[in-house]
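No lab work stands behind these numbers, since they all come straight from the coordinates. Source: prediction; values computed, not measured. All Cβ positions, glycine included, derive from the backbone under ideal geometry; neighbour counts span all protein chains shown.
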Amino acid sequence: MVGVILALVLMGQGGGLQAASPWGWYRVVINGSVQTVWGTPLPDGRIWYQPPTVKPEDPPAAKPAIEQAVEPAEPEINPLDFGVDVDRLGTDPVVETNDPMLGELLPELTQTPATATGSERLLPKIEPRITVEIGPYTVPALIVGAAILLASLRRRPT
Amino acid sequence: MGVILAALLLVNQTPDGRGEVALDAPKYQGQSASAPIPAAMHIRNEGGSNGAGLCVIASVLCNGRYQGVPALKDGKASELWRGAKSRPGGYYPGKLRELVEKTVPGETYASFEQRDPTILDTLSRKGLPIGATMSTGAMYNYRPIHHMISLVHYRTEGYACVVDNNDPGHFRWMPAAEFARRWVDGATGWAWIWTRRPGAAMAAGVAAWLLLATAAAIALGTTRRRRAVLWSA
């Protein structure tokens, strides 16, 4: 089932749901276990939710699961729920890297010097050089190649 | 229920009011994603030790697997993921740097914080998947969120394609201008990449085999010359 799953929640307590209830975090019962999901109530009392949702922590004053499901509160999104702490993002443009070759990968960046501001981890200047990347076959191929060359040189007639 | 689900699936295939559409394939309107991360490599978001999300880690793990970062080939069994699970969630550049340097030592990366989305176009044209902030989306009924996804395609005059770690297995296409609006969350947008070149390992392998072929050709030439000397003798 792609995208959307219907979660059946226990009904009959709390007097049903409002038809125009908003999307938000709901405690629902899925396969016998209580889970917190991002969803919206259907008129018949079930919660329409989109998996997966990440909010394992219970609210401080969490009501029992059934009441939470049938009496949704105003959606409340913790800034950390999905995983980016935007309050700790910078306000000035910053480029940070540990790659001394970034300038070669992205020469376009050196044409826009305004992207970097005072930090010792800024984009390094381009320093043209030849690099050899060692892959899984590089060393064996070098050894075999050298052996062939050596053998052919030894066999050279005098 | 079946009718409702079928209708929803149908709606899912049609762009919504903001032009977003979720597809199973990394192709849309004649454009193919420049970093088409296979669905099998997508990583599902989870919570860290304090329950806060690991979308940043899920995104960079997914991207790193696609780029062939050796330390990430085991997915959620990698040191990066296990380290993240044992720590509080919710990431920013400095916190990610600390974890990456501890769990994926020696691997090169770059982090960009800015409001100008042209960096997304520049990185995407290199074939790099990008960990990019996204402040809302159809999945979230366009409510504000603080989220990172894998941006697998971005062309300023065309489309953007997103692999959302809250919905792995799908490719969410939208106009690039729409994604550019979502990218800036608060004061800035955040883009993060592994700088390992896509296909670098393969290129090194090809170079090694070329070297081998050259050595063989030289050896063959030497043998022929030797035979020629013998014949003339």
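Laid out as a table, the results:
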item: Sum of side-chain charges, residue B:116 neighbourhood, beta-carbon under 14 Å (Lys, Arg +1; Asp, Glu -1); result: -2
item: Using θ = phi - 60° and Karplus 6.51 cos²θ - 1.76 cosθ + 1.60, couplings along the stretch B:134-141 (whole Hz; Gly, Pro as x); result: 8, 9, 6, x, 4, 4, 10, 6
item: Spin-label pair residue A:101/residue B:157, simplified geometry with 7 Å Cα→Cβ offset, distance in nm; result: 3.2
item: Pairwise label distance in nanometres, residue A:142 with residue B:29, each label 7 Å out on the Cα-Cβ vector; result: 4.8
item: Residue B:40/residue B:118 FRET efficiency (R0 25 Å; Cβ-Cβ; nearest 0.05); result: 0.20
item: GluC sites (Glu not before Pro) within the stretch B:92-161, DSSP loop, no more than 11 other Cβ atoms inside 10 Å; result: B:157
item: Surrounding net charge for residue B:182, when Lys and Arg each add one and Asp and Glu each subtract one, Cβ distance under 13 Å; result: +1
item: Cβ crowding within 10 Å averaged over residues, with B:83-95, B:163-175 ranked highest first; result: B:163-175, B:83-95
